[in-house]
Every structure is written in structure tokens, then in C-alpha cells.
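Only one structure is covered here, and it is reproduced in the block below.
The values are calculated or read from the model by the stated rules, or taken from the named source; none is laboratory data. Treat the numbers as computed from the prediction; the structure is a model and nothing was measured. Every residue, glycine among them, receives a Cβ derived from its backbone with ideal geometry; neighbour counts consider all protein chains shown.
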There are 2 protein chains.
Amino acid sequence: MPKQVDHEERRRRIAEAVCALIDSQGLEGVTLRDVATRAEVSMGAVQRCFRTKDEMLRFALDHIGEQVTGRAHARLVAAPAQSAASAVGHVVGEVALLREERRAEARIWLAFLAAAAVNPSLAASLRSSYADLEGLLTRLVAEASGSVDARREARTVLALADGLTGHVLIGQRTSEEAEELLHAHLARLWEAG
Amino acid sequence: MPKQVDHEERRRRIAEAVCALIDSQGLEGVTLRDVATRAEVSMGAVQRCFRTKDEMLRFALDHIGEQVTGRAHARLVAAPAQSAASAVGHVVGEVALLREERRAEARIWLAFLAAAAVNPSLAASLRSSYADLEGLLTRLVAEASGSVDARREARTVLALADGLTGHVLIGQRTSEEAEELLHAHLARLWEAG
DNA sequence: CAGGTTCCGATGCGATTGCATCGGAACCCT
DNA sequence: AGGGTTCCGATGCAATCGCATCGGAACCTG
């Protein structure tokens, strides 16, 4: 066996370069050359890892999807909440990419969302992440309040979080306002359920 | 005075061509040549109307923004609602671009939203439209239910509508499901307020 | 250490992009 | 009718794009 390279590691490194570029210039600003430069590899290496640009973008989307959903799951395990209701609050706070340190992810997510609207294969990847989050939230909401339709509430909260993320990104809301709106929604949910 | 042309009319025609292209191929698929072809004018004419591509896109965004906000206002005047609450329902139903016939506008809106995340001047245009809608909804909510924080609820509903629109676009929700979620949220709002 | 295999950096290519240019058509006023 | 002005279609251009190609470096095996 000749020269071997950890392809997965390299793919991840490239995916992160893609995300960094999307964050600063949007999806349109992502070119193979810039990606290669940012990832500190040659264009040839990028082309070896991904046959086409589209394949590279799909991988990057899956990458960031796993990152977000993974963190949501981790948040649940790491810090046991005092109540199921506060667990929902924590997870939603992790999913809604409102705070400054998640701003980059938010931009990336939104860019992919818009692209997915005209690109079925990206849409499929996104749906998979959303389905994961919806499942997680549904279980938590059900546990926190048996008397409401958990799936409905989970879907509503997920959409609300997404909408607020967009509004924060364009400066229509501050992240504090958005977080307040999100928590107010949850508070009403508990008192109603 | 020599040859005169209705510039505004031409700009609008071009803006609609831009929107049609965004709907089918996303923002990245918009080129001056395609726009000219779609609008059935020459590239020269496009360049005369807009000095740069960016200026053209800004105009198109304002165009579709006025279209959406205008329809929201019109919905209010045209069909007097039986109650302020149902007026909110009507306006929100108009703003959330869920139904099939609004799918194109939804894609366009989302494309601009994502672009605005990395383009301040687009973000400014979007904020202007959002501010309009928020004001309209706030007034209606206040009228429908005095006991709630109208501005907060208007902002929440607006974000929820936006989030649901995105989810419908990628096929994560059907428009019927989204509409049901939206109306369920409003229903709880009235009974709580 | 030799042979064979894997990998990749550099380079080239055709297509496409946004924008600049300009000669002449179209038009109004006198 | 003719001069002056506005407009635009055609064309050119430099830059950039994604992708294909390939010679040699890198490396494991025997």
C-alpha cells in the first residue's frame, strides 16, 4: 500500500473552510480556489476529496448539521436540567443560533436553507437535521407537559427559533430581544399546558 | 427632448425577470444576460436602468418587499374582518408565504434574506419591509386583544411565519401543516390574552 | 532498495461573468 | 427638414469559474 492520507479528517478540514467562507461572503463567494487556500491544501487535494463542488457543499451541510444537532443532544446529557421544562429551554437555546458565538453558524445555516429551496439534494440533508431536532424537542416537550400536543409545540418552537435567527442576522432584532421572545413563548406554553 | 422611455416601467419589468430567475435557480443563477433575455430587453437596456448588478438586485428586493407589504395592507382594507382577531389571521396568512401560489415569492424572499446576512444594503431594505409588517401587525394585535403585549406578539408571529415558510420550502412541512401551526398559535394567543 | 501504487500541485482550458465602449437608430423641438 | 439629444444593441475585455490533465513526489510492500 502506498501513500495514505486520512481522507475523513481532510474532508472535515475542507468542510470547515467552506463554512468559514460562507460565513463571511455567503454561498456565492465559495470557490474551489478560496476553499483550498483557506483549508491550506492545494486545489488538487480538494478535487480528490470531492468529485464536484456540489458534493463538497453537501458534505459541508451535513457537517454543520451534525455539529448543531450533536450539540443539542450533548447539552441534554452534559448538564442535567432541574426540570424537563428547563431542559427544553436549554436545548432550544442551543438550536436557535442567536448568541454572538453562534452567529457564524446561523449565517451558514441560513445560506444552506436558501440554497435548499432550489436544490433538492441540499433540502434532503437539511430535512434530516430538522427531523432529528424535531424528534428531540418533541420528546422533551412531552416529558415537560403531558397535556399539550408535544409534536405540534416542538414544530412551532423550531420554526419560531428559525425565524428569529433570520431576523437577528439582518439586524431586525438583537439577540437579546429574540431570546426574550423565545423564552416568553415557552413560558406561555408551560402555563397553558 | 429626444427619445424618451418609461424607466420606472422598465425597471419593474426587469425586477420581475430577476425575481422569476431567483425563483427557479436561486440568487446565484441570476446573470445580467439571463435577466435581459427574460425581460425581453437587451443587456444594454438593463445596464442603462441599473448601473451595477447590485443596484438591480436591491431594486428587485424593494420591489418584492412592496408587493408583499402592499398585499398585507390591501387585505385589510378590501375585506373587512368580522373581528380584529380574524383580521390578524388574514394578514398573517398573507404575510406567511405558505400557499402554493406564494411559493415563488417565498423562495425569492428567502434568497434575499440569506444574501442580506452578508450584505448590509440588502439587509437595510429587508428591515424596512419587516418594520412595516411589524407595525401593521402590532396595531392589529393591540386592537384584537388589549391585555397582551401587542408588539411582542406581533414580532413572535412574524418570526414564526418566517420560520414556517422556510420549513415549507424545503419540504419539511406541508403548507397545510404550517398553516395549522400558525393558526393554533394565534388561537392560543386570543384565549390567553 | 527497487518496484509499484497512491496521491497531489501545477497548469491549461473552455465557458461564463460583470462591466465598458461606441456607432447608429429613434425621437423631439424648432 | 434638420440638428441635437437620448437611448440601446452589439461587441470586446479582463477576470474568474469549475473541472480535466499529468508528471513527479511520497510512501508502503516485498
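Brief remarks on what is shown
- Considering the conditions (1) facing chain A (nearest Cβ under 10 Å); (2) over 25 Å from A:ALA131 (Cβ atoms), B:ASP132 is excluded by exactly one of them, (1).
- Residue that is surrounded by the fewest Cβ atoms within 10 Å (Cβ to Cβ), among those in region B:121-174 that are under 30 Å from A:ALA124 (Cβ atoms) and of a type in the set (D, E, K, R): B:ARG173
- Residue within region B:57-68 that is of a type in the set (Gly, Ala, Ser), over 19 Å from B:VAL35 (Cβ atoms) and part of a helix (DSSP H, G or I) present: no
- Single residue of region A:41-79 satisfying the filter (among the acidic types (Asp, Glu) and within 16 Å of DNA strand D (Cβ to nearest atom)) that is nearest to the other protein chains (Cβ to nearest Cβ): A:ASP54
- Pair list, Cβ under 7 Å, 6 or more apart: region A:170-193 residue under 13 Å from B:ARG152 (Cα atoms), other residue buried (at least 17 other Cβ atoms within 10 Å of the Cβ) and of a type in the set (Lys, Arg): A:LEU181/B:ARG155
- Just one of the listed residues (B:GLU143, B:GLU105) is touching a helix residue (DSSP H, G or I) at 6+ places or on another chain (Cβ under 7 Å), more than 8 Å from chain A (Cβ to nearest Cβ) and modelled with pLDDT of 95 or more, namely B:GLU105.
- Any hit, region A:3-13, residues being part of a helix (DSSP H, G or I) and within 12 Å of DNA strand D (Cβ to nearest atom): no
- Which listed residue is more than 26 Å from B:VAL141 (Cα to Cα) and more than 13 Å from DNA strand C (Cβ to nearest atom), from B:LEU57, B:LEU122: B:LEU122
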